[in-house]
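The values are calculated or read from the model by the stated rules, or taken from the named source; none is laboratory data. Not measured: the values here are computed from a predicted model. So basically every Cβ, Gly included, is an ideal-geometry build from the backbone, and we count neighbours across all protein chains shown.
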Amino acid sequence: MADAGFENPRFCSRCGQPIVVAEASYCKSCGAPTTRFPLLRRGLGFNPVIALVLSIVPGVGHIYRGKPFRGIMWFFFVSIAYGMGPPFGLLIHIICGANAAFSGTPREDMLAR
């Protein structure tokens, strides 16, 4: 008969290695957080979707990513582009949002800190 206190084995969601320590916070192989509930993970960096949505106001997505100087520069650059003409401003605004969401990788951002 199986032990009632025995827990199902856990595996790392990033590398697939088994988690052998019951109360482990991080995977010993790759360093990924090991919570049972992915929405409760803390310190994962940024969410690209949130950065993209925040870029409705140019530069705020970059500030969310922890790059305030780049955010301020994008704000002024997009504002000047809209002054040159709405189609050009819209194009630069879209590029600003994509840059906030997809430039670099979360791993590179974590290593930079």
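A few notes on this one:
- Of residues in region 44-99 being on the phi > 0 side of the Ramachandran plot and touching a residue at least 12 places away in the same chain (Cβ under 8 Å), the one nearest to the chain's Cα centre (by Cα): Gly45
- Of the residues making up region 27-36, those that are under 12 Å from Arg10 (Cα atoms) and at pLDDT below 75 are Thr34, Thr35, Arg36.
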